[in-house]
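Please read the structure below before turning to the comments.
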Amino acid sequence: MFNLSPSILAADFNQLGRQIAEVEQGGADWLHIDVMDGAFVPSISFGMPVIKSIRRNTALLFDVHLMIREPIRYVKEFAESGADLITIHVEACSDVSATIREIKALGKKVGISLNPETKTECLLPYLSEVDLVLVMSVHPGFGGQKFIPETLEKIKEIKAKLLEVNPKCHVEVDGGVCAENAIDILRAGADVLVAGTAVFSGNIERNVQRFYQIAGELIGR
């Protein structure tokens, strides 16, 4: 089943509540929330107070992407703020398995992510333990970057591994995703697309619907 996870990193924070409502009206069930610490990635975004604030006004699945060093320090606070799915980076954890266990102990779904330059082999020990693998198709830390085409092969490789060990696990792709490349990404094996600029530029409701239309056309072929 296809899901679109619009990234609020590209939203207008002066209109955030209204724009999240438009995302829902367009048919999205997920909301992607990028948390950046200025250490693991160069930028700083937002944290628990923003998540807690918007949690009161939407039932969307909060897909919280922690681009922070040693996220195990904060997963309890993010869970309490309203995260439903917490994704960590394999590169950011000194003990990946312990971090996964901590998220599960909090009753939350867990995702694991890797940067474009990170080899797929780094994920293999954890694929059976997670609910989602997030493939970064740009270098994390900034919105509006162009999709790295070589990522498609990595998506195919990860999907093939998951079919062997954890076929129910989602494959999510984040970075430079737009209506023009969505078909290729879905064909490679992704079933969750993160889109920021492509959703929050222009008519949000119509942009969301366009992604679901593309996914529907692919399934119907």
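The values are calculated or read from the model by the stated rules, or taken from the named source; none is laboratory data. It should be emphasised that the depicted structure is a prediction, and the values quoted were computed from it without experimental measurement. Positions of Cβ are backbone-derived with ideal geometry, glycine not excepted, and every protein chain shown enters the neighbour counts. For the accessible areas, the whole protein counts, side chains as well, though only heavy atoms, and no ligand, DNA or RNA atoms are used. Shrake-Rupley method; radii C 1.70, N 1.55, O 1.52, S 1.80 Å.
What is the one condition in (1) open to solvent by 30 Å² or more (accessible area, probe 1.4 Å); (2) assigned to a loop (DSSP other than H, G, I, E, B); (3) in contact with a strand residue (DSSP E or B) (Cβ under 7 Å, 6 or more places away or on another chain); (4) not aliphatic (A, V, I, L, M) that Glu180 does not satisfy? Against the list (1) open to solvent by 30 Å² or more (accessible area, probe 1.4 Å); (2) assigned to a loop (DSSP other than H, G, I, E, B); (3) in contact with a strand residue (DSSP E or B) (Cβ under 7 Å, 6 or more places away or on another chain); (4) not aliphatic (A, V, I, L, M), Glu180 comes up short only on (3).
Scan the range 93-111 and give yes if some residue there is in contact with a Gly (Cβ under 7 Å, 6 or more places away or on another chain) and either crowded, with 20+ Cβ neighbours inside 10 Å or more than 24 Å from Asp29 (Cβ to Cβ) (or both), otherwise no.
First pass over the range 93-111, keeping only residues in contact with a Gly (Cβ under 7 Å, 6 or more places away or on another chain): none.
No, the range 93-111 contains no residue that is in contact with a Gly (Cβ under 7 Å, 6 or more places away or on another chain) and either crowded, with 20+ Cβ neighbours inside 10 Å or more than 24 Å from Asp29 (Cβ to Cβ) (or both).
From the list Val35, Val50, Val23, the one residue that fits, being closer than 19 Å to Leu114 by Cα, at pLDDT 95 or above and not charged (D, E, K, R), is Val35.
Those residues that are open to solvent by 50 Å² or more (accessible area, probe 1.4 Å) and either farther than 18 Å from Val171 by Cβ or outside any loop (DSSP other than H, G, I, E, B) (or both), I need them from the range 1-27; list them, please. Residues satisfying the conditions are Leu9, Asp12, Phe13, Asn14, Gln15, Gly17, Arg18, Glu24, Gln25. Taken as a whole, the range 126-137 holds at least one residue that is closer than 24 Å to Asp84 by Cβ, surrounded by fewer than 16 Cβ atoms within 10 Å (Cβ to Cβ) and either at pLDDT 95 or above or of a type in the set (Ser, Thr, Tyr) (or both). Sort through Glu153, Glu117, Glu121 and tell me the only one that's assigned to a loop (DSSP other than H, G, I, E, B) and open to solvent by 80 Å² or more (accessible area, probe 1.4 Å). One residue alone meets the criteria, Glu117. Quick one: would you say Leu162 is in a helix (DSSP H, G or I) and either in contact with a strand residue (DSSP E or B) (Cβ under 8 Å, 6 or more places away or on another chain) or open to solvent by less than 10 Å² (accessible area, probe 1.4 Å) (or both)? So Leu162 passes the test.
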